[in-house]
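To keep things clear, I will list the structure first and then write my remarks on it.
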Protein chains: 2
Amino acid sequence: MKRVMLTVAYDGTAYSGFQVQENARTIEGELNKHLSELLLEDIKVIGASRTDAGVHALCNVAVFDTNARMPGEKISYALNQRLPEDIRVRKSKEVEADFHPRRCKSRKTYEYRILNAEFPLPTKRLYTHFTYVPLDIGKMQAAADYLIGEHDYKSFCSIASQAETTVRTIYDLQVEREKEEIVIRVTGNGFLYNMVRIIAGTLMEAGKGRWEPEYMAIILRAKDRASAGPTAPACGLTLTSYEFL
Amino acid sequence: MKRVMLTVAYDGTAYSGFQVQENARTIEGELNKHLSELLLEDIKVIGASRTDAGVHALCNVAVFDTNARMPGEKISYALNQRLPEDIRVRKSKEVEADFHPRRCKSRKTYEYRILNAEFPLPTKRLYTHFTYVPLDIGKMQAAADYLIGEHDYKSFCSIASQAETTVRTIYDLQVEREKEEIVIRVTGNGFLYNMVRIIAGTLMEAGKGRWEPEYMAIILRAKDRASAGPTAPACGLTLTSYEFL
């Protein structure tokens, strides 16, 4: 028996999120199905980040146990022959038998992309959230600065969350313009349910000039989801980096 | 009666090209259908660039004649309410009654994007052509330089073409790296059938080191499609700019 870690990239457009569900296509479901067919065992992966429906990833992580003889590092090549083209395993390797991706300390980066232009661009529609309302990235960055550090992010967490604690650490939170796109890039030790999308929705309110940057301190103190901005749509969100510390 | 010009962006993934065909979804077909329903007339647009199946555009051009009272510049807003989300009209305006986009002198730019990485990225698969073979962009640019200017591009034209002359002018042809993508950006006064895709396929052969850059001169002189490289896949190609001179 060995434990194998996969680094997985996917276009979340066609999936009901990472986590397996009955009667819905999910990333975990596809990995389980194709790994089981490849290795002729009943494989159940453990995912690191259970991304929502429509969210994308460049490098999510999943582990599974197998008795198969195939060397861990070869599994990615064989699995990619079977997976649909909107899921690709970038790397596979053997890890310690007790390695559990959700119980390890980690450092994750998400990007939230906003297409801020007069008209939506069809070729960007699946990977950005479109708004024609002008956004002031200086104000967005000033607001973002209030959220960096260790904080209780209860205001930035959907009520459905079952997290034990809502304290997390954001190491970095940058707002940058790349041509007609605005990129919100956030790195932290973990994120609550919908946290990055609520941060994006809240920073957009600051960018529109509706809320002054200082208002972020009040939102954090309120510890109330209703005080923050809307949850920005899933399509703009991509998990771009996942490191174990 | 007035003539209206549309600037149209589209994701070509789901379409059998620009030009109308029976029993196939096309950009022209969608524009005709939704314009006719909007303006309550039988509208037939004239397209500027009849892009192939799977090719994308940021700014293709189409014109049509209408007796409708709706001001030309308002049509884009009304039409976008009806069009599928993978087609967007960025601008509409009234033009001279004799303006014909294919009979005007023009300057067009296409981009061909290659994802040159170890593994394909699912979120790039619709808008880039993937290859894991390392490409030397210095050699690609040296090869590209032979193609700039006024030349007979018969070797870079699919045999199915019915063009009267195969002489065209390429004003600029640049090969650049943008992170893991290689972008071939070509500007010219017109392009033959599949010409940009054959240029891309040929420059890739130079980038792989199979053909020395100087071989481009031999290909041009041969005036034979068989002498050039393969036609690169449609998904990597986007019409990015269209100017009338």
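Please treat every number below as a calculation from the coordinates, not as lab data. Since this is a predicted model, take the numbers as computed values, not measurements. Cβ placement follows ideal geometry from the backbone for every residue including glycine, while neighbour counts extend to all protein chains displayed.
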Could you compute the FRET efficiency for A:Asp42 and B:Glu94, with r as their C-beta to C-beta distance and R0 at 60 Å, rounded to 0.05?
0.35
How long are the semi-axes of the ellipsoid equivalent to the protein assembly as shown, from square roots of 5 times the Cα gyration tensor eigenvalues, in whole Å, largest first?
43, 31, 20
Once segment B:106-244 is represented by equal point scatterers at the alpha-carbon sites, with solvent omitted, what log10 I(q)/I(0) does the Debye formula produce at q = 0.15 Å⁻¹?
-0.67
Semi-axes, largest first, in whole Å: what does sqrt of 5 times each Cα gyration tensor eigenvalue give for chain B?
35, 20, 14
Within a 10 angstrom radius of each residue's Cβ in B:122-131, how many Cβ atoms of other chains show up on average? Whole number is fine.
5
Given the pairs A:Lys139/B:Lys93; A:Lys44/A:Lys74; B:Lys44/B:Lys124, which are separated by over 30 angstrom at their Cα positions?
A:Lys139/B:Lys93; B:Lys44/B:Lys124
With the contact rule set at Cα under 8 Å and sequence spacing of 6 or more, what percent relative contact order holds for segment B:106-244?
39 percent
222 nm mean residue ellipticity, helices alone, for chain A (DSSP H n ≥ 4; -39,500 (n - 2.57); rounded to 500):
-6000 deg cm²/dmol
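If you place +1 on the Cβ of every Lys and Arg and -1 on the Cβ of every Asp and Glu, how big does the dipole about the Cα centre of segment B:87-245 come out, in debye to the nearest 20?
Roughly 480 debye for segment B:87-245.
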In nm, what does the list of distances from B:Val95 to its counterparts in the other copies look like, shortest first, when each label sits 7 Å along Cα to Cβ?
5.7
Rounded to a whole number of µm²/s, how large is the Stokes-Einstein D of segment B:2-95 at 20 °C and 1.002 mPa s, given Rh as the Kirkwood radius over C-alpha pairs?
166 µm²/s
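Using only alpha carbon pairs under 8 Å that are at least six residues apart, calculate the relative contact order of chain A and give it in whole percent. Don't jump to the answer; show the numbers that get you there.
Values: 559 pairs, mean separation 57.9, N = 245.
That works out to 24 percent.
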